[in-house]
Amino acid sequence: MKNAILASALVMASLFIGTTETIAHSDHDHSYTGVKWEFTDQTNDNIKRKMEKYPQGQSFGLSRFENKIMDQYGLQEGRTFDDKIDKKIFRFQRTTSRVKLVMHVGVERAFNTISLPINKALQTVHTSTAKSHVGHSHSHFPHEWVFSEKVQNKMEHKIKSGNLSGLVGLSKFDRIELERYGIRVGMTFISSALHSKLMGKLTTGGIQIMEVIAPTKVAALPNHLNNTTSLTN
């Protein structure tokens, strides 16, 4: 089992990472990650319906998209995380291609966790006078979007080059991810590169970095989540 470590951790990460539960079993890492995962609205609705029918011990299948995005953010098989269902926090465990309900944690407390890939603890506002047209939206995404480490590295490289005129390229999967979470072409959003808070805009060619808001030591993932190697290996 190999874990790659990010050079910097999330702001205030020590508040919720410091007390990690480790329950070893076989070749799987059952440590609690200390983050809240934000499923898409469609997946959350599916989980909610199944939970109403099967209150305890239920597992829920994930699509290939959902499995891949969780892998990108370090939530591999065996790790546990939280999710909000109807203003209540539940703990789930990632299995081979599903998530398993572990326990009801309690009501949501915004101060003790960071959510991925949307950080809903941060509300952002931006006013645009541009008019939307077919296929494009000129609205602003109301929460901070947290990219995977790979995309953050590309944005950080662009910022360090001092030339923000070009675009940061995205893979087809990155685009699908943004669209499924509600970020469409033409929308602006707040995000972070490895050492910079920024305002970006999604275009047909990639991400346009519109403004570097402030230099800051912020990373997409807590140290123990930056793992590009499957935990089952």
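Working only within the range 155-179, note down all residues that are surrounded by fewer than 17 Cβ atoms within 10 Å (Cβ to Cβ) and assigned to a helix (DSSP H, G or I). Passing the criteria: H157, K160, S161, K172, F173, R175, I176, E179.
For (1) at pLDDT 90 or above; (2) more than 29 Å from K172 (Cβ to Cβ); (3) touching an Asp or Glu at 6+ places or on another chain (Cβ under 6 Å); (4) part of a strand (DSSP E or B), each residue gets a yes or a no:
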| position | (1), (2), (3), (4) |
| --- | --- |
| N67 | yes, no, no, no |
| D71 | yes, no, no, no |
| I89 | no, yes, yes, yes |
| Q93 | yes, yes, no, yes |
| L101 | no, yes, no, yes |
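When you check G61 against the structure, is it surrounded by 19 or more Cβ atoms within 10 Å (Cβ to Cβ), more than 25 Å from E144 (Cα to Cα) and touching a strand residue (DSSP E or B) at 6+ places or on another chain (Cβ under 6 Å), yes or no? No: the conditions fail for G61.
The values are calculated or read from the model by the stated rules, or taken from the named source; none is laboratory data. Quick caveat: nothing in here was measured; it's all calculated off a predicted structure. Glycine also receives a Cβ, built like all others from the backbone with ideal geometry; neighbour counts cover every protein chain displayed.
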